[in-house]
Structure formats: C-alpha cells, structure tokens
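Bear in mind these aren't lab numbers, they're just calculated from the coordinates by the rules spelled out. Just so it is clear, the structure is predicted and the values come from calculations on it, not from any experiment. Cβ placement follows ideal geometry from the backbone for every residue including glycine, while neighbour counts extend to all protein chains displayed.
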Amino acid sequence: MNKGITRVAAGLLCGSLLLASGCAQVAPWQRGHLGSDVMSWDSNALKRSLDDHIHSSKEASSGGFGAAGGGCGCNG
Amino acid sequence: MSQQQKPLTAFAVLSAAAASMALPVADAQAEARPDERVISYRNSQYQEDDAPASRTFNGVTDRYSVNVHQLGFDTPIADDWYLTSELQYETMSGASPMQTYENSDGQSVLVMSGASIDDTRIDLKLAPTRYFEQGTVGGSVAISSENDYQSLAAGVNGSLALFNDMATLQGGVSLAHDTLSPTDPELSTARQQADGATKTTVSLFQGVSLVLNKDSALNLGLVATHSSGYLSDPYKTDDRRPDSRAMLALSSRYRHYLRWGPGQENGWHLDARWYQDDWSVRSQTLTTRLVSRWTGVHWRFELTPMLRYYRQSQAAFYGLEQTPDANNPHSSDARLSTYGALALGLSSELGWKAWSLSLDYQTYDASEGLALVGDTDKETPGLVDYQLFSLGVSYQY
C-alpha cells in the first residue's frame, strides 16, 4: 500500500502542477470573486469541525481534507 | 462507556487544514495574516432516532442524545502570527448497540446496552500559524478527555504559493496518542484487556489549490493515515479487530462563483472523497451546497442548502454470527457494514455590523438500501439516523 500511496501522491502533485502551469493566468485584480465569503473552502470552522466529527464517528471512513490526527476511538 | 460507541467523542481531525479553515479560495493567492479577532459560540443538539423495536432483543430502543457547546477564539498573536482555538464541551446520554446477530429466521437482532449511559467530554485545540509572503507554517495541538478515553495529538502543516499564486501547495503531518480506560472493567474480559491499552495514529496530508479561472477554483487532497494498537471496541460483544489499519483518502473540492443580481452572490460547492483501507472498507462521499448571500449597508444574510451522499462497503471481518470463531477477527458494528446514508441540511446566517447569528438544521438517514451497490442482504438495525440542530453567535473586532 505504501508504494501505491507514494505513486498516487506523486501523481497528484505532478498532475496538479502541470494543470496549474497550463491554466490561463488570472491576474490578482481579477480574483475578487474568488475572495468572496461564498467561495470559502470551509465557511464556518465550528460547524465544519462538528460535522466532521459526527461523520467520522458514525461512518467507517474519515479524513480527506486535512491530516487526520487520530485521537478518536469512535470510528467504526 | 464505549469510546467506539459514542457518537461524539474525541476529535479525529487535527487539521493540517487548520490553515485552510474559514479561508476563501483566494488562499490560492499568497496568504495574508487575518487582522481581526473573532469570538464565537455555538450550541448543538444531536439526537439519534430510536432503534427499531421489532429488531431489538431487550426492548431498549433509546439511543444517544448529545448537547455540544463550542467556543472559538481566533486572534493575531504577533506580527505574522495568528492563533485559532476551540474549546468543546459535550454531555451525552442514551444506550448503544452491543451486538447484532442473525437469528434462525434470517432476521438481525440488535442487543442494546441495558442502562442509559451518561458521560461528558472536554476537548481543547490550539493552532498557531506563521504567515510568510509566499506561504504559511503552522502547528496544532489538541487534548481530549472523558471518563474512559484520553487523547493527545499534535501536528505541523504548511502551504506554499506558486505560479503567480495560481497554485498553492499544502502539506502536513500529525500524530495522536490515545489511552483507553473502560468503565466497569469487571463486567467483561475485553474491558479488562483494554484497560490501559493505547492507540497511535500517524497521518500525512498533501494538497493543492488551483485557480482555474476568475470564477472557479479546485482543491485536491490526499491523506494517508496509519493507526496501530488497540482498535477494537471493548464494550461490544465479540469485537476483535486487527491491531493496525492503513487508510487512504483522496478528496476534491470545487468552488464556482455565480451572481444573479446586485447585492447578491452565490458560491456553488461540490466536494467528493474516495476512501479505502486495508480492512477492505471502500467508501465514496459526495457533498454539494449552494451558498447564497444578500448584502446591505450594515447587514448580510446567507442561506445554504446542503445535500450529502455517503456509501461504504463492509469490512472484511464484519459478520452477524451469534457465536463467531474466537480465533478470527470479528465485529458486528453496523458502522463496518455495507450501507449508504443521505444527509440534508439548511444553514442560515444573519449578520449585522460585527455580529452574526447562525441557525442550522441537518437530518441524516442511513440504511442498507442506500448503499445502492454491494451485499446488502443482511439487515443492519444498528445503523443510526439523527437530527442536528445548531444555534451560533459570533463577534468580530
């Protein structure tokens, strides 16, 4: 599984950078929409924190949007 | 009190994404340290539906209810430093499944813990972040304490903006060490064996945020996690899980900006996650939201409907034998079965000057049939449906 993880990680990194380098440039002054609150990755930290916690304790899966630090025996 | 059975126990996520919390996707630009202080409080009522009486062995159908208080405080702490913190206090009560087995009629029988269980948990998280011209470096520490479970966790994370800030790389590592001390150890051999047992979890995170165009952005992430130690549930009957678990989650988040009129703007969110581990669990998660905001001179109003679909396949050792082979791994925990779940939510937030008031509702339904594909012939009455109601207030200065 370790080799697989390394390959996926390398693929994600290289693919993302290729995609980024190939994207049309968006000047900083054109990024106003991207800075809007409605575009936040996580708009409410307390809500996100509780939602993640409930889902990880009710489902066998966890993580995905940050490093899972463990600390929870509640995962199925 | 089962650290496996509790709906809300110690936090699983020490977020390397702490750096991405509450940030707009313009973090794909070089980040600047926030200047404001934010204090926020949120109270949530979590209520699970009763277990189905027709499938319950001892007539106990009440399940968990949890009252959650969250207090958040974010503040600059030096020229280029910013601290986010969260204190959480929970009180919980109710009964939980101890075992599920299949009877001679092919029906699943759910054995619940007899008496209502009461417990509390307190959890503190601190995450300082140092901002540089082209990126960030941050750390996080967390401590969680309850009667039968202690957890300490720490992590570091960072981000780096590239290609004229068109892309931001993110990475992080975290470590957690947990210690079990089951209540009433005299009641079972499993509880005695678990007393003092530990669990260690290491997690690596890699991600990248990309500006696709002036209206859309994409975030991709990969998390590899390894847990080792005591991973079984000492409160469940015949619960014997492997002593290690390797997990991999690949996620994507897409944001698209829409404007339908003056003073009004929208963000369409689409999040997906693919997960697998060496217990043979595979899962897929899809979440979508439409964040709509109306803004006046001193006020703002935000409304966000949410739809989330989740499905998973069962762990290799999941089974419903009443007396399973004691030499092999086994668990009848419904959370390790094949099932699917649908969550619907509606969030609202009213802002006036520096104050904001939020009101959220979420309903979650899980069933074998919602798995859509996979072996769902076995009844799983231990699956949980719940409702979550939250009220929050925050002040920024």
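Scanning the range B:50-86 for residues that are of a type in the set (D, E, K, R), surrounded by 15 or more Cβ atoms within 10 Å (Cβ to Cβ) and under 26 Å from B:L359 (Cα atoms) yields a total of 3. Just one of the listed residues (B:T189, B:T237, B:T198, B:T183) is more than 10 Å from chain A (Cβ to nearest Cβ), β-branched (V, I, T) and under 24 Å from the mean Cα position of the chain (by Cα), and it is B:T198. Assess whether B:S159 counts as being in a strand (DSSP E or B), in contact with a Gly (Cβ under 6 Å, 6 or more places away or on another chain), among the polar types (S, T, N, Q) and more than 8 Å from chain A (Cβ to nearest Cβ). Answer is yes for this residue.
Out of the range B:332-385, which residues are of a type in the set (G, A, S) and surrounded by fewer than 19 Cβ atoms within 10 Å (Cβ to Cβ)? B:S348, B:A354, B:S367, B:G369, B:G374, listed by residue number. Filtering the range B:161-184 to residues that are closer than 20 Å to B:L124 by Cα and of a type in the set (V, I, T) leaves B:V173, B:T179. Is it fair to say B:R293 is farther than 24 Å from A:R7 by Cα, in contact with a Lys or Arg (Cβ under 8 Å, 6 or more places away or on another chain) and facing chain A (nearest Cβ under 9 Å)? Considered against the rule, which asks whether it is farther than 24 Å from A:R7 by Cα, in contact with a Lys or Arg (Cβ under 8 Å, 6 or more places away or on another chain) and facing chain A (nearest Cβ under 9 Å), B:R293 comes out as yes.
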